[in-house]
Amino acid sequence: MPNQDDTTTERTPEATNFETETTVTTPEPEPAVEEQPEGGDQEKTEVPESSEKDEDDAISALIAELAEAKKLADQAQDQALRAQAEIQNFRRRKERDTTERIAQANARLLREVLPVIDDFERAFANVPADISEEDNAWVEGFRLILRKLQMVLEREGVTAIDASEEFDPNWHEAISVEPHDEVSSGHVIAELQKGYKLNDKILRPSIVRVAQ
């Protein structure tokens with residue numbers, strides 16, 4: 001009898017293939033998928049309260065800086081306008097002072113000419129009526145000179161003051177007040193020296209006698 005231990009069991013190819021085909025591979029477990037909360041795909045990030053307070057403080061600081069800058073700008077503009085106004089006022093004062101100085105100088109010069117005209121007029125008032133033609137020619141020549149002087153004064157704004165009406169202390173200077181039968185009280189009796197005005201300012205008052 002053959003030995004039982006020496007007995008070998010032969011495997012057929014069909015059996016080998018069956019074992020190979022029946023080998024089952026265990027699938028690896030898939031990672032668990034976390035469920036998203038309802039209401040959105042992304043999580044909301046909460047901003048800390050301290051961060052919001054810092055932003056508010058920064059905005060408040062900016063607003064304060066802008067207000068201060070506007071205040072400084074307004075002050076600078078006001079100062080510039082004041083400076084410009086002062087410059088304009090200075091220029092106007094300077095022009096006015098220059099004009100007044102020129103007018104005063106002209107008035108002094110014109111006032112110096114008035115006695116010359118007085119002398120001419122007194123001389124003509126005393127010319128005899130019976131002078132010769134030759135002498136009369138000389139007189140007329142001097143009258144022409146006087147007329148030219150008067151025209152110069154008129155061009156400069158100098159005119160004679162009217163002393164034929166009521167006494168006016170703004171233009172007349174009374175040297176006497178006396179009763180008069182033909183002249184009303186307060187009116188000029190006679191003019192002793194002709195007065196002149198330069199435009200609307202007195203150059204020399206009229207010297208007059210006034211009725212009481």
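Readers should treat all values here as calculations from the given coordinates under stated rules, not as data from a laboratory. On a predicted model such as this, the values are computed, not experimentally measured, just so you know. Heads up, the Cβs are rebuilt from the backbone with ideal geometry, glycines too, and the neighbour counts pull from every protein chain shown.
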Please compute the net charge surrounding residue 86, taking Lys and Arg as +1 and Asp and Glu as -1 over other residues with Cβ under 14 Å from its Cβ. +4
Which whole-Hz ³J(HN,Hα) couplings does segment 181-188 yield from phi under the Karplus relation 6.51 cos²θ - 1.76 cosθ + 1.60, θ = phi - 60°, glycine and proline marked x? 7, 9, 10, 5, 4, x, 9, 6
If amide H atoms are built 1.01 Å from N in the plane of the peptide, which residues on other chains or at least 5 residues away come under 5 Å of the amide H of residue 174? 208
Gain upon complete extension [residue 65, residue 132; 0.36 nm per residue less C-alpha separation]: 14.1 nm
May I ask you to order 106-118, 137-149 by the average number of other C-beta atoms within 10 Å around their residues, highest value first? 106-118, 137-149
Could you work out the relative contact order of segment 158-211, using alpha carbon pairs under 8 angstrom and six or more residues apart, expressed as a whole percent? 46 percent
Of the listed peptides 94-103, 161-170, 203-212, what is their order by residue-averaged count of other C-beta atoms within 10 Å, with the highest listed first? 203-212, 161-170, 94-103
Mean shadow area of segment 158-211, taken as a quarter of the surface of its Cα convex hull (nm²): 3.2 nm²
Dipole magnitude of segment 158-211 about its Cα centre, charges +1 at Lys/Arg Cβ and -1 at Asp/Glu Cβ only, in debye to the nearest 20? 360 debye
Amide H to amide H, which residues 5 or more places from residue 189 or on other chains are under 5 Å from it, using H placed in the peptide plane? 209, 210, 211
